[in-house]
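The structure appears right after this line, and notes come after that.
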Amino acid sequence: MPANGYGYQPREFYDRPREFSQTELRERRRKHLTVTLDAAFDLCAEVEEITGPLAEAVAGSPTPHAHRLAVSGVNDAVAEVVFVAVALLAESDAARRTAHIADMSDRRRARQLLTDRAQRPAAPVVTLDDLDTGEWSAALTAYAEQVSDDLGALLGRAVRPGHRRGLDTASERLVDVLRGLDSAAGVVERGVERVQAAAATASTAPTSDPDAELRRLGVAL
């Protein structure tokens with residue numbers, strides 16, 4: 001509500017951090033702008049929104065199998081994101097379970113032992129059939145879904161960037177690996193574009209049959 005008749009907003013209005021949609025956060029991340037992830041972040045949706053269009057583009061490509069290596073790179077990048085998510089969750093759980101230990105050395109040792117025991121879900125494997133059908137996106141989305149809710153809850157209660165001296169926050173660690181996923185996704189996008197451009201060039205190239213070319217030009221033989 002304006003503070004007076006001139007339409008000025010109260011100071012707390014300007015101090016309030018702007019809220020970005022997940023799509024806007026992704027765009028900012030890809031431009032290497034400041035990004036802070038909180039409880040609203042949905043890893044499952046993020047993976048689906050990144051890989052879904054890629055899977056559709058690869059399946060519609062003249063040569064889907066030619067993109068297998070690049071898609072495997074996306075698969076590995078999603079696995080890395082899930083690995084970091086599992087580590088963050090394990091560290092948070094370990095901190096809670098060892099808070100009663102008075103000796104800091106023992107507490108750190110117990111935390112490390114608990115964190116090392118954390119198991120991450122097995123990543124899916126992309127097959128040639130998956131490239132044809134685009135099913136690899138659904139497999140990666142289901143893979144990320146296994147940690148998505150717990151990760152969102154963790155981000156909601158985690159320390160904000162800039163408030164953890166000398167250590168990266170959960171948001172910063174996650175943004176870092178998400179940028180790796182963005183990079184892998186870009187490789188697939190550029191590969192599909194190259195194949196499409198080559199196919200378009202081949203379709204407009206002159207035929208090697210002189211008679212057919214003359215007929216195409218309207219010359220009677």
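No lab work stands behind these numbers, since they all come straight from the coordinates. Every value quoted in this text rests on a predicted model; they were computed, and no experiment measured them. For neighbour counting, all protein chains shown are included, and Cβ atoms are generated from backbone atoms with ideal geometry for every residue, glycine included.
Couple of notes before you dig in:
- Here GLU80 passes the criteria (1) touching a residue at least 60 places away in the same chain (Cβ under 8 Å); (2) in contact with a Ser or Thr (Cβ under 7 Å, 6 or more places away or on another chain); (3) closer than 23 Å to ASP38 by Cα except the one numbered (2).
- Residue list for segment 87-132, filter: under 30 Å from ALA59 (Cβ atoms) and either touching a helix residue (DSSP H, G or I) at 6+ places or on another chain (Cβ under 7 Å) or of a type in the set (Gly, Ala, Ser) (or both): ARG120, PRO121, ALA122, ALA123, PRO124, VAL126, LEU128, ASP130, LEU131, ASP132
- Any hit, segment 41-57, residues being more than 16 Å from LEU155 (Cβ to Cβ) and either outside any helix (DSSP H, G or I) or aromatic (Phe, Trp, Tyr) (or both): no
- Matching residues, segment 46-61, being among the small types (Gly, Ala, Ser) and in contact (Cβ under 8 Å) with a residue 24 or more places away in the chain: GLY52, ALA55, ALA57, ALA59, SER61
- The set of residues in segment 33-62 being within 11 Å of the chain's Cα centre (by Cα) and either of a type in the set (S, T, N, Q) or more than 16 Å from ASP182 (Cβ to Cβ) (or both) consists of ASP42, CYS44, THR51.
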